[in-house]
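Engineer: Please see the structure below; I have some questions.
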């Protein structure tokens, strides 16, 4: 099992939640843990009210990295979704929700990817999705922002602070951010590698979201 502990590092970035959109007015967290089968389609989520950006999923990415037995490794999540309301001139009204299908983690090894599904790691049978939900945004300098929010993993919410850079060109924008997570603090892989002997405790998560501005009226732009 220890050979495949590196898969656990992916869990750091995620929170388990229901893939189905909750009823109108219901709390998103109330649906955490409801199961959804893996699918080539991005996971469903409740759109942020007033979302004004359409995230271009094929151009966006969520990756992770770390050390396994002293060697660097990296991976990615193939299926995720996001809804964003963001105006640099009105950060008080900004909001972002990102959900990730935990079974879509890819490291390049089928055995590692299979281990990720186990209860000590993602526990995908019980918690098929992960979610981050923002609480507040702040601007550090031109083009540089910080998003603070809640990262829920396997039903446990943890505060997260994500610095990111925003580059905008016309109606297109790209946000790039990195956050380092502690898998042990998040109770990921604790049974298999509590001392971080095999997989590093600190796991960087790299996020790239490419989005097009949504027209003031009309349907969302094609992704």
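Engineer: Rg and Dmax of segment 62-119, Cα atoms, in Å?
Structural biologist: So, for segment 62-119, Rg and Dmax equal 16.0, 47 Å respectively.
Engineer: Between residue 90 and residue 187, what length comes free when the chain is fully extended (0.36 nm per residue of separation minus the Cα-Cα distance, one decimal in nm)? Numbers along the way, then the final one.
Structural biologist: Numbers: separation 97, 0.36 × 97 = 34.92 nm, distance 3.59 nm.
Here the segment from residue 90 to residue 187 would lengthen by 31.3 nm.
Engineer: Can you put 133, 118, 148 in order, fewest other beta carbons within 10 Å first? Walk me through the numbers on the way to the answer.
Structural biologist: Numbers: 133 21, 118 18, 148 13.
The order, fewest Cβ neighbours first, is 148, 118, 133.
Engineer: A follow-up question, please. Looking at segment 28-170, I'd like the Rg to Rh ratio, where Rg is from alpha-carbon atoms and Rh is Kirkwood's inverse mean 1/r.
Structural biologist: On the way: Rg = 16.1 Å, Rh = 16.5 Å.
Value, to two decimals: 0.98.
Engineer: For segment 93-141, what Kirkwood radius comes out of the mean inverse Cα-Cα distance, in Å? Please report the intermediate quantities before stating the final value.
Structural biologist: On the way: mean 1/r = 0.0783 Å⁻¹.
In segment 93-141 this quantity evaluates to 12.8 Å.
Engineer: What nm value, rounded to one decimal, do you get for the distance between residue 195 and residue 171 when each label is placed 7 Å out toward the C-beta?
Structural biologist: Taking the two extended label points, one gets 5.8 nm.
Engineer: Just to check, using Stokes-Einstein with a Kirkwood Rh over alpha carbon pairs, what's the diffusion coefficient of segment 86-179 at 10 °C and 1.306 mPa s in µm²/s? Intermediate results must be reported in sequence, preceding the final value.
Structural biologist: Details: Rh = 15.1 Å.
In µm²/s, the coefficient is 105.
Engineer: Then there's this: What is the distance, in nm, between label points placed 7 Å from the Cα along the Cα-to-Cβ direction at residue 139 and at residue 157?
Structural biologist: About 2.8 nm separates the two model spin labels.
Engineer: Could you work out the Kirkwood radius for segment 145-223, taking every pair of different alpha carbons, averaging 1/r and inverting it, reported in Å? The partial results should precede the final answer.
Structural biologist: On the way: mean 1/r = 0.0657 Å⁻¹.
Radius from the Kirkwood sum: 15.2 Å.
Throughout, read-outs are computed from the coordinates displayed, never taken from laboratory work. Just so it is clear, the structure is predicted and the values come from calculations on it, not from any experiment. Counting neighbours? That spans all protein chains shown, and the Cβs are built from the backbone with ideal geometry, glycine included.
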